[in-house]
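Comments concern the structure below.
The values are calculated or read from the model by the stated rules, or taken from the named source; none is laboratory data. For clarity, every value in this text was computed on a predicted model and none was experimentally measured. Heads up, the Cβs are rebuilt from the backbone with ideal geometry, glycines too, and the neighbour counts pull from every protein chain shown.
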């Protein structure tokens, strides 16, 4: 009996091997795989029922239970259902006394197999040999118990004979079938993964626009990847079987073969660059050799990838050039200058030779740009660059920092500082003379000049940034000296730098500590009555004392601090007007506030002024903004537009220091002014210099013709006041009527009247 069971099991197990073929054949028809697998298992069950262990007609035992349970475990519900339906139909067709038990056996096998599957998916049980064996015992014990519950005398008599062989053989069959199916499915997954990986790799290789070849250790072409002609190398397939030296120049072939052997020896990727002539021109190629990991025809091989990098190299060179050179003039830019400066500093330290930095700034370049256009300015810069290059040696560096700023770095000067200074001065004077010669630009003759700041450096090192700063400061000293000249940086300048840096630090701290104060200098009419005041900024420092505006305002204007300070002054002045509005004796006063160049060029300047007015609720006509005449030299249209917008809202404007600048009278009549202020330089010598008196008279007459008021500042004596009154001046400001004072003191002056000196 046991032998009969084993024969039946062996037949069915062998048939189950067909599942491996089914998985391979249906790999490209994934949706059909479960149906085909179910049909296969169902047919195997049918074969098993055709060759069963038959106890009597209609009473059969076979391995369908093992097959169906494993179909449920490994195939899932669809596979098990299809197989169970096929097996059930055939068992029903066979008939017999126990056909109902046979169908019930099919159902139990499918259900328990699916239960095992769910338990495994939830990690309750594993699918190891022991678990499969125990499952087989459980399944077939349940089936035997089911048979024992039905009253079939003949069947019950046989139960004692078949129970043990049935349970043992079919439990083992379940385990073996499970292990076999698990192996088949694992192998199928591995094959599928390999197939997918191969497909992906093939697609990647096909997509790579580079030439890929397999080369052996002797330099023979073994294969090409992919096996189609490559646009980079149309004769790719023709390479197979030939040798490197037969296809490439000797030097190139030797280089590639050495790279191949290095890659095989080191067992890692090796990269080279070489040139290849494609018949049209030379192309730059990047080659990579990667060991393949196995032998072909008994020889070690590599995959060699050849990529045309000519265009990439051209772009890299363009990017590098743009990163280190000025696109307009072709000169080194700031980044490359810094690099060369570091090298020069190191060289000077080693050799003991001095070097020099010449900071060059063109004089009045902005005027050319504004009047003739940026194209003319660019043409001038190109000619300046060419002239500078012609003034120095090849070992020197000429760089453009931006705008109209250039730097010349002189290397290998004398060991002695005095001689090195003389050498750099001679070159600097040559540059001045060269740049001062006339320029022919677009058919026009243009004259220009430059200011040069020079600093030396040698064994005693400082930072490159500090050297640039020193040369820059020396250049500004040259500009202050009248332009078209040069100046050297010295220790006095260094002291000024340190002092200014410390002052700027204190000023920033002063802003945080609210150390700034507004003082007010009264403005009076012809009757001596105070009609307004000018807000003047003061800085009360805890250790420096009262710092004069002339010491910190220019410093603030060179940085963004002037914007912060300007906003504070404007808002504080509006708050003071708000306080005066609540005092009957002060409500009529106007307040003049000085506006800096950087302030008025802010895009939102108008909004800032209006915000200060609206926040405090003051009458706009009580606020008067003072602009200097030099402020109107740049972007006049923009300034006029902003002034007009504020004038429309009621804000007044006064032109400060009138007569000291260079503004055109044509522009003056376009400005929405209400007052001209005569500069104190004309008032001071009014009584002893007829020219000053004539200028003052002209200003007053001009103001009258334009419908403007006039105020004279710097009035210190009664004689000056009387003379100005004779000339027709409307208002006065100066020490004669009061020094800049606090708001409380101004209140007392307004109530009791200024004391004339």
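Sort through 146, 175 and tell me the only one that's modelled with pLDDT of 80 or more and part of a helix (DSSP H, G or I).
Working: 146 fails: modelled with pLDDT of 80 or more.
175 is the lone residue from the list that is modelled with pLDDT of 80 or more and part of a helix (DSSP H, G or I).
Conditions (1) free of Cβ contacts under 8 Å to residues at least 40 places away in the same chain; (2) assigned to a loop (DSSP other than H, G, I, E, B); (3) over 24 Å from residue 464 (Cβ atoms), marked per residue:
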| residue | (1), (2), (3) |
| --- | --- |
| 336 | no, no, no |
| 345 | no, no, no |
| 353 | no, yes, no |
| 357 | no, no, no |
| 371 | yes, no, yes |
| 376 | no, no, yes |
| 380 | no, no, yes |
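Yes/no matrix, rows are residues, columns are (1) within 56 Å of the chain's Cα centre (by Cα); (2) within 20 Å of residue 654 (Cβ to Cβ):
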site: 671; (1), (2): yes, yes
site: 692; (1), (2): no, no
site: 724; (1), (2): no, yes
site: 732; (1), (2): no, yes
**Item:** Looking only at the range 304-327, and only at residues there that are under 25 Å from the mean Cα position of the chain (by Cα) and touching a residue at least 12 places away in the same chain (Cβ under 8 Å), the one that is farthest from residue 468 (Cα to Cα)
**Value:** 313
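Looking only at residues that are on the phi > 0 side of the Ramachandran plot and modelled with pLDDT of 85 or more in the range 67-126, which one is surrounded by the most Cβ atoms within 10 Å (Cβ to Cβ)? If you could, list the steps in order and put the result at the bottom.
From the range 67-126, those on the phi > 0 side of the Ramachandran plot are 76, 95-96, 123; that's our starting set.
If we keep only those that are modelled with pLDDT of 85 or more too, we end up with 76, 123.
Working: 76: 17, 123: 7.
Taking the candidates together, the pick is 76.
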**Prompt:** Quick check: anything in the range 505-519 free of Cβ contacts under 8 Å to residues at least 12 places away in the same chain and surrounded by 14 or more Cβ atoms within 10 Å (Cβ to Cβ)?
**Reply:** no
**Options 711, 699: the member that is within 23 Å of residue 538 (Cβ to Cβ), touching a residue at least 12 places away in the same chain (Cβ under 8 Å), surrounded by 20 or more Cβ atoms within 10 Å (Cβ to Cβ) and under 57 Å from the mean Cα position of the chain (by Cα)** = 711
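Every residue, every condition in (1) part of a loop (DSSP other than H, G, I, E, B); (2) touching a residue at least 40 places away in the same chain (Cβ under 8 Å), yes or no:
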| residue | (1), (2) |
| --- | --- |
| 66 | no, yes |
| 74 | no, yes |
| 80 | no, yes |
| 93 | no, no |
| 106 | no, yes |
| 126 | yes, no |
**Complete:** Just one listed residue, out of 580, 539, is surrounded by 17 or more Cβ atoms within 10 Å (Cβ to Cβ) and outside the structural domain of residue 654 (by the TED database), and it is 539
**Asked** Would you call residue 415 in a loop (DSSP other than H, G, I, E, B), closer than 20 Å to residue 337 by Cβ, in the same structural domain as residue 342 (by the TED database) and touching a helix residue (DSSP H, G or I) at 6+ places or on another chain (Cβ under 9 Å)?
**Response** no
**Asked** Is one or more of the residues making up the range 290-303 closer than 23 Å to residue 204 by Cα, assigned by the TED database to the domain that holds residue 212, in contact with a helix residue (DSSP H, G or I) (Cβ under 6 Å, 6 or more places away or on another chain) and crowded, with 17+ Cβ neighbours inside 10 Å?
**Response** yes
**Asked** How about the range 660-737: which helices (runs of 4 or more DSSP H) wholly inside it have at least 3 residues that are in the same structural domain as residue 636 (by the TED database) and farther than 19 Å from residue 523 by Cβ?
**Response** 665-668, 690-706
**Asked** Is there a residue in the range 649-663 that is closer than 22 Å to residue 574 by Cα, surrounded by 14 or more Cβ atoms within 10 Å (Cβ to Cβ) and modelled with pLDDT under 90?
**Response** yes
**Request:** Return yes when residue 340 is assigned to a helix (DSSP H, G or I), out of contact with any helix residue (DSSP H, G or I) (no Cβ under 8 Å at 6 or more places or on another chain) and modelled with pLDDT of 90 or more and no when it is not.
**Result:** yes
**Request:** Report yes if some residue within the range 38-51 is modelled with pLDDT of 85 or more, within 60 Å of the chain's Cα centre (by Cα) and either part of a helix (DSSP H, G or I) or under 21 Å from residue 169 (Cβ atoms) (or both); otherwise report no.
**Result:** no
**Message:** So residue 63 passes all but one of these: (1) modelled with pLDDT of 85 or more; (2) farther than 20 Å from residue 189 by Cβ. Which condition number does it fail?
**Reply:** (1)
